[in-house]
Structures are given as C-alpha cells and as structure tokens.
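Here is the structure we will look at, set down as structure tokens.
The values are calculated or read from the model by the stated rules, or taken from the named source; none is laboratory data. All figures in this text were calculated on a predicted structure; none of them were measured in a lab. Cβ placement follows ideal geometry from the backbone for every residue including glycine, while neighbour counts extend to all protein chains displayed.
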Amino acid sequence: MRVPVVHQQARRRRARYARLLWNGAEILVTLGVVLMLLVVHQLWWTNRQAREGAERKVQALERQWVGEGEGEGSASHGDGDGEGGSGVDSGSGGPGDGAGAGSRRAPASATNPTPRPRWTQAYAILAIPRLGLRVPVAEGISKGNVLNKGYVGHYPGTAQPGRAGNFALAGHRNTHGEPFRYINRLRRGDRIEVETPAAVYTYVVDRTLAQTSAGDGGVIREVPRSEVRPSYGYTDPGYYLTLTTCTPEYTSKYRLVVWGKLGSMRPR
C-alpha cells in the first residue's frame, strides 16, 4: 500500500496565493468604500453645506438692507445716489435696447448706481422664480471664496446690476450648492431678478447658447456674442445679463450660456 505524500511546498504556495487574494480583496473593498465616501461628500455633503451657507447669507443680506432702509428712512437724499459715492459709472446716456420695450434711453436705474463691491464680497441676491432659486451674488469667480460656497460669482470687469453693458455671472452646475444646475430649463420670457440694497432689477430671458467652449470670452463681453458660434449673441449695446455654467453635467469641458435683457427696475 502506497502512503500519500503531502507536498508541503505546494501547500505553502497555495496558502500564499490565498493570502494575496484576500489582501487584494480587502484593498479593493477599502478603495471602494473610500471612493463611495468621496462621492457622497462631493454630491451630497458639499451641496448641503453650500446651500445652507448661501441661505444664511441671503437672510443676512435681507436683514442688513432692512436695517439700512430703516436707518435711512428719515435721512436726506440730497446727494442723489444714496450709496455714499461709490465712483461706479452709472451708464446714464448709454443706449438701452435691453431696457423695456425697445427703449433707446438708459433706464431709471442709471440714476442709482450700485457701489463697487469688495473682492469676494456678497452684495446682491439673484432670484429665478421658475427654478425656485435665491442665492447671493459675490464679486469674483474664485472657486474657494465664492463658487464653492454656493454663491454665484460676478465676472470682474463686466457691468454691475442695472448698468449699461453686460452683468455676467458664473455658478456651479454640480456640487457645492449647484445653483445653476437647472438653468438649461429657462425659456425665453422667464424672469430673473437681481436684488441690491437700492433696487430690484428684473431681466427677461432672451436667448440660450446650449454649448460653447470654456474659453469663449465673447459671451461675457459688453455686447455679448460667441466667438465660437458667432450666430449666437448680440450686435447692439444694451443692458444684458449673462449666466454661465459647465456642461454637460458633471464635467467642465464646455459652457452653457443664458442671456437676458433688462426689463424693469423698482426701488427697494
């Protein structure tokens, strides 16, 4: 009778392979958990934090403006602008093809200029009724100090609310509050309101550019017109609003653009 021989070397080899497979499986599971947590952080936690922070800032701005209004209620308005002399060009006398029904005059808002904001300062509120959106507008488009806080950023060098030219804004489409996630749903005639301490400016959506390159600077010029797709945009000076965000969703390869024209202004 032949006695079976146990090959110790083969057994050790199989045990070593088993340990490698087990360790590899543990590493893959750990990586999967880490990636899942990162996704949750990006898609849920950053949105929650940014939205809550943006809502608090909107409320703070509203309280601040109410307080300023009550404090100035009995004050003289002899200087005509009520903003302490910001030095911002009012744009009066400029053409106004976006101000009301074909008016060629600067709107009444030109007599009440918005003060020049400090860098990253939240100084206005953007409201889009169709989207149920109310978010702060801050100066600059810095990710860390503006966009990632759930704010909408004002492109430096473009016009201020209600001024002649192009009031151009940027916002995240995904993560960090994603205020501009659904601006692709805006249609011609939809209202977009920009609230400041002095007035509420109502812009009316006019045109949409579904996709252009990330470097298409023409869309935020004083007279906005795409450099990539020249058939999109304008040729005459006016009072414009531009909203820009990334497209397609969850990428930053292209830009989606919505344009509006100033329709009306009412003092606060």
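Looking at region 146-167, I want the residues that are on the phi > 0 side of the Ramachandran plot and have a partner that is among the acidic types (Asp, Glu) and surrounded by fewer than 24 Cβ atoms within 10 Å (Cβ to Cβ) with Cβ atoms under 7 Å, at least 6 apart or on another chain. Which pairs are those?
Correct list of pairs: GLY165/GLU222.
Give region 203-234 a look and list any residue that's among the hydroxyl-bearing types (Ser, Thr, Tyr) and either under 19 Å from GLN160 (Cα atoms) or touching a Phe, Trp or Tyr at 6+ places or on another chain (Cβ under 6 Å) (or both), or say none.
TYR203, SER226, TYR234, listed by residue number.
Test PRO230 against the criterion of being within 21 Å of the chain's Cα centre (by Cα) and either surrounded by fewer than 22 Cβ atoms within 10 Å (Cβ to Cβ) or not polar (S, T, N, Q) (or both), and give yes or no.
Against the criterion (within 21 Å of the chain's Cα centre (by Cα) and either surrounded by fewer than 22 Cβ atoms within 10 Å (Cβ to Cβ) or not polar (S, T, N, Q) (or both)), PRO230 does not qualify.
Residues to consider are ARG191, ARG255; find the one that is charged (D, E, K, R), at pLDDT 95 or above, surrounded by 21 or more Cβ atoms within 10 Å (Cβ to Cβ) and more than 22 Å from ARG48 (Cα to Cα).
Going through ARG191, ARG255 in turn, just one is charged (D, E, K, R), at pLDDT 95 or above, surrounded by 21 or more Cβ atoms within 10 Å (Cβ to Cβ) and more than 22 Å from ARG48 (Cα to Cα): ARG255.
It is to be established whether one or more residues within region 170-187 are within 11 Å of the chain's Cα centre (by Cα), part of a helix (DSSP H, G or I) and closer than 29 Å to ARG266 by Cα.
Scanning region 170-187 turns up at least one residue that is within 11 Å of the chain's Cα centre (by Cα), part of a helix (DSSP H, G or I) and closer than 29 Å to ARG266 by Cα.
Criterion first (over 23 Å from VAL146 (Cα atoms) and modelled with pLDDT of 95 or more) does ASP216 satisfy it?
Against the criterion (over 23 Å from VAL146 (Cα atoms) and modelled with pLDDT of 95 or more), ASP216 does not qualify.
Within 17 Å of the chain's Cα centre (by Cα), in a strand (DSSP E or B) and closer than 16 Å to ALA159 by Cβ: which single residue out of LEU241, LEU256, LEU262 fits that description?
After applying the criteria, what remains is LEU241.
In region 206-238, which residue that is assigned to a loop (DSSP other than H, G, I, E, B), in contact (Cβ under 8 Å) with a residue 24 or more places away in the chain and not charged (D, E, K, R) is farthest from HIS172 (Cα to Cα)?
PRO237
Please list, ordered by first then second residue, the pairs with beta carbon atoms under 9 Å, 6 or more apart or interchain, first in region 186-200 and at positive phi, second crowded, with 20+ Cβ neighbours inside 10 Å and not in a loop (DSSP other than H, G, I, E, B).
Listed by first residue and then by second, the contacts come to GLY189/VAL205.
Look through ALA124, ALA198 and report the one residue that is among the aliphatic types (A, V, I, L, M), buried (at least 17 other Cβ atoms within 10 Å of the Cβ), over 11 Å from LEU243 (Cβ atoms) and at pLDDT below 95.
ALA198
Exactly one condition in (1) part of a strand (DSSP E or B); (2) crowded, with 24+ Cβ neighbours inside 10 Å is not met by GLN160; state its number.
Of the numbered conditions (1) part of a strand (DSSP E or B); (2) crowded, with 24+ Cβ neighbours inside 10 Å, the odd one out for GLN160 is (1).
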